[in-house]
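Here's the structure we're looking at; comments come further down.
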Amino acid sequence: MKFGHAFQEHLQQDGFPPHWVASAISYRQLKKCIKKLLRTAEQERDEKLAEYLLSNPQSTPRDPDAPVLFQPKLLIAVDEETGEPLDAHLSPLSRDYLQRQALAQQLSDVRIGNLQANEQKKLSRDVTALGMAVTKVTEPNCGSAAKTDMARWRKIFELYLESKIFFSTNELDHGKHDSAKAQVLLQKFSDELQRQGLVSAFRKKESIAALDRFLRLNTDVLQSLRFQEINDLAMQKILKKFDKRTALGVKTTFPAVIRQRMPQDIAKAICYQVSTELLPVVPQLDDYLCPVCFSISYRPIRLRCQHIFCIRCLIVLQRAREDHCPLCRGDVVMEADNQNLDPALAKFLVKYFPDEVKAKQKENERAAGVDRYGEAYNDKCTVM
């Protein structure tokens, strides 16, 4: 199947909105422009050749046994430094034709640029609204932390970050994913949500609606990525065909000019906004781990170098007379005391990680008992 037919089938069958299809690259029209340009060039060539032959008649008939006196050559003037052609230009007739085509129809790159900018604004508003909705169902109120869906949303966002749907930072699979791979990863993420029963575990019905909006947002980003890919391919095809027929070499220069005029990649822009505005709504435990014991940094001790450790690990370091910070090697450990306790961070951890803080506090109390009474210490009541 020719690319033109496949391109139209993708536009009609991939579920793109009608205004997206109307803004797509006019592949067939551009092919007609190339054919018209070639016909015009051939016509001008034939006319000039005929004019030359008529204005320079042969005085005597040519002897078939005589040596060749004329050899056709194509001479092109180029810049000695850059190698660029100095006289590569369109004829006035061809230039006028292309200008009429541009005035008759809006240029495809302008339509796509406007569409991309509008869709990016729409998705950006959706991310902001979704962030407000998730905040309402996860914000822990006084005395009712267990009634929120904070733990469920934290797990959802953790799975989302691990899925790396649109971008990956792995060594063997790094960079931007194409739409086909992103679709597979998005489906795996959705299946994993169902497998772990996170949807049915919601305590608030608003969370179900918010999750549906979150999945729909990712689907819209995937659809935008797919639409951008097929239009980029259409542009590459038409530029390759144009270069093949005209040898003007626009395939290497034209895309760079178009990218300067087009908005930034939608998937990249929206994923950045999701990571900076939506995901931080629910704090992740990995951002508040003690770098020594890798459990939550409670109670948090902020050293002079601004690095944070849990109080238990700091006590162990001071007992070992280790004055160097484990991260920056600064001489700040031995000078720390109760003034280095970070009450604001401690309050934050209690608010957003109540279960983890409770478990950590229990570990700290048991470790303190072992320090005081020895390894035989049992934190359970032995009287009752």
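Laboratory data are not the source of any read-out in this text; all were calculated from the coordinates shown. Keep in mind it's a predicted model, so treat the numbers as computed, not measured. Note that each Cβ is placed from the backbone with ideal geometry, even for glycine, and that neighbours are counted across all protein chains shown.
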Inset, instruction - Could you grab the relative contact order for the stretch 109-282? Cα pairs under 8 Å, six or more apart, rounded to a whole percent. - result: 37 percent
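Expressed in nm to one decimal, what extension gain is obtained for the pair residue 240 and residue 122 from 0.36 nm per residue of sequence separation less their Cα-Cα distance? Mind dumping the intermediate values first?
Numbers: separation 118, 0.36 × 118 = 42.48 nm, distance 3.37 nm.
The span from residue 240 to residue 122 would gain 39.1 nm if fully extended.
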Inset, instruction - At a Cα cut-off below 19 Å, give the lysines reachable from residue 181, other chains included and same-chain residues fewer than 8 away excluded. - result: 164, 268
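What pairs in 121/241; 2/35; 205/362 have C-alpha atoms more than 24 Å from each other?
Working: 121/241 34 Å; 2/35 17 Å; 205/362 34 Å.
Too far apart for the 24 Å limit: 121/241; 205/362.
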Legend entry - Order of 366, 329 under a 10 Å beta carbon neighbour criterion, fewest first: 329, 366
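Name the shape class, rounded, prolate or oblate, that the alpha-carbon gyration tensor gives for the stretch 287-373, where a ≥ b ≥ c are the square roots of its eigenvalues, rounded holds for a/c under 1.5, and otherwise prolate holds if a/b is larger than b/c and oblate otherwise. All intermediate terms of the calculation are to be shown ahead of the outcome.
Details: a/c = 1.90, a/b = 1.22, b/c = 1.56.
Here the stretch 287-373 falls in the oblate category.
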Inset, instruction - From zero up to wherever the largest Cα-Cα distance of the stretch 161-247 sits, split into 5 Å bins and tell me the percent of pairs in each. - result: 3, 12, 16, 17, 15, 12, 9, 6, 4, 3, 2, 1, 1, 0
